Amino acid sequence: MCGIVGYAGKDRAAPVLLDGLQKLEYRGYDSAGVAVFEGNSLRIVKKKGRVKELEGARSLCGRVGIGHTRWATHGAPSEKNAHPHAYKQFALVHNGIIENADALREECLARGETFLSETDSEVVVHLIAACYAGDFGAAVRAAAKRLKGSYALAVLCSDFPDTVLCARQSSPLVVGKGRGGLFVASDLPAIAGEGVEVFALADGEFATLRGEEISFFDGEGKPVPPHAVAYRFREDVPEKRGYAHFMKKEMSEIPAVMAKNAAAFLESPAFSSFRRALLGAERIQIVACGTAYHAGLCAAHAFEKLCRVPCEANIASEYRYRDPIVPPNTLCLAVSQSGETADTLAAAQIAKERGAYLAAVTNVAYSSLTRLADAVLQTEAGREVAVAATKSFNAQLMLLYGVAAYLAREKGRKAPPLGAMAKAARLALSAAEEVRGWTAHFLAAKSVFFVGRGADYFTALEGSLKLKEITYLPSEGYPAGELKHGALALIEENTPVVAVVTQKGLAEKTMNAVHEAYARGAKIFAVTDLPEVAACKEAFASVLLPPCPEEYSPAVAVIVLQALAYYVSVARGNDPDKPRNLAKSVTVE
Ligand code: M6R
């Protein structure tokens, strides 16, 4: 994670760096810092906390600099662990994880060097200094050869105060040229602008930003051609539009987003190639993390039910290390809002190397995942700012349900139409306001359970993740039938149990678990489209959902659980948009 930026140009660097860091803050907000040349000397300003803490650095005058917003991996969130890290004539910012940092640190300590931070990144600046004999580029390349792990680096050297040197291995990095300057950043939105040409660095490549040119090199210092990134510039300044938080605003967009995404895959430029792979698929493997994984679980359920094609959803961080079997005619769907999640990228890469056709389901057109995939099925959710995914989940579901319904029909099977889903979402959104009245029962809960069966279980998992993420309450998503095998021991008087009940054939079975929990003192909150469940005597409170095909019900039911997490978070005095310890895009393992 972490976001890095750099600038070399005609304007003052500090405002460019600070504006870029603001746009990258979704990658981490534990600390932030900048380093700017003032003449030949480096001015470094770092602060614990958010980028806004750096405002005092805006007046720095230099025209070359680097900046960083941190999500802590090695070392606590603190000023001393904030980047840039400096040693001798060098300063750098780093995103990634250096896996052999301890061994390299030992070498430095043996030379008598001392460290100011607990970070793996500070080791890199020491290593560059140790490799330096007057050639800046050669020193960075030599140091990079010794690093194990992932890195995107932007480095300054006071012997070359007009230059920013960049390196990339398994962490995203783009460079740009235009508007009188040269830029580098972890992600395109931080440098995109009218007239700015953008280029992506490939793994193992280096770039030098100097004067009016960017030069690209391989690990031996040989020039390599640039990889231009085509993008359409849209001034995309996220605004809350009167909502107290981005999360609430993003939830309000769900019905419109759902309407857009049911047929979104048909618009893919690679549709005919994807269609061939889809129709020929003997199995589907989905790889994803977090909320996207939950979308994968829902989709796998729909693919099997509607199309009778074997489909499994995999947690990407597990898939990548389990030596996965990828038989011929496997379609791999990599689902990722950001398209930058390191584990999802690695899992997708493995599936592709082992012969799968790789389709990316992502919200970000120019992401690393889109570059890796054979086909891109873009979700049209618009920019999502809140760390807790909401509308992007509904967009993923609708796109994937659309694909499943299409495949079912191509196979001569029936699939319910998706046309009425947006209306159901609109009704669910207003029904969800009822949960404001539930918050008091959750505020101090020792643990919260979300239970369901079939597709409802996946909704329960996502509801539980949302609650954990932004309220910090311990919670579990549980298959209703499993409660009695252990978790029931945790139920006490007034333990909140949220029962999701939309699968008619399984409703009675889910209710068995509800009875068992109720009998042990649980307070039952029902989220259901079945009036008899909503009115049952066990339910302390319920939200009655609008009817929708049960294959697709997670896209509607989840709205109530998103709202519940939001209102409990606000009632606990948290910032639901920026939960502690989390970042929007998880670009480290
Ligand atoms: O960008 P991605 O969809 O690949 O991100 C995956 C997860 O990190 C993400 O869904 C995370 O779980 C969200 N914060 C959940 O709200």
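The values are calculated or read from the model by the stated rules, or taken from the named source; none is laboratory data. Keep in mind it's a predicted model, so treat the numbers as computed, not measured. Ideal geometry is used to build each Cβ from the backbone, glycine not excepted, and the neighbour counts take in all protein chains shown. Calculation scope for accessible area: heavy atoms of the full protein, side chains included, ligands and nucleic acids excluded. Shrake-Rupley method; radii C 1.70, N 1.55, O 1.52, S 1.80 Å.
At a glance:
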| read-out | value |
| --- | --- |
| Subset of segment 443-476 (residues that are part of a helix (DSSP H, G or I), more than 14 Å from the ligand (Cβ to nearest atom) and open to solvent by 10 Å² or more (accessible area, probe 1.4 Å)) | TYR457 |
| Residue satisfying all of: in segment 315-337; surrounded by 23 or more Cβ atoms within 10 Å (Cβ to Cβ) and of a type outside the set (Val, Ile, Thr); farthest from VAL586 (Cα to Cα) among these | LEU331 |
| Conditions (1) open to solvent by less than 40 Å² (accessible area, probe 1.4 Å); (2) touching a residue at least 24 places away in the same chain (Cβ under 8 Å); (3) away from the ligand (no atom under 13 Å from the Cβ): number failed by ALA300 | (2) |
| Any chance GLU589 is within 16 Å of the ligand (Cβ to nearest atom) and open to solvent by 10 Å² or more (accessible area, probe 1.4 Å) | yes |
| Residue within segment 110-128 that is assigned to a loop (DSSP other than H, G, I, E, B) and closer than 23 Å to GLY39 by Cα present | no |
| Any chance ASP19 is within 28 Å of SER338 (Cα to Cα), open to solvent by 20 Å² or more (accessible area, probe 1.4 Å), in the same structural domain as GLY96 (by TED's automatic domain parsing) and at pLDDT 90 or above | yes |
| Filtered residues of segment 237-280 (kept if aliphatic (A, V, I, L, M), in contact (Cβ under 8 Å) with a residue 24 or more places away in the chain, closer than 22 Å to LYS584 by Cα and surrounded by fewer than 20 Cβ atoms within 10 Å (Cβ to Cβ)) | ALA244 |
| Counted residues, segment 502-519 - those being modelled with pLDDT under 95 and within 21 Å of LEU443 (Cβ to Cβ) | 0 |
| Residue that is nearest to GLU79 (Cα to Cα), among those in segment 115-143 that are open to solvent by 40 Å² or more (accessible area, probe 1.4 Å) and of a type in the set (Phe, Trp, Tyr) | PHE115 |
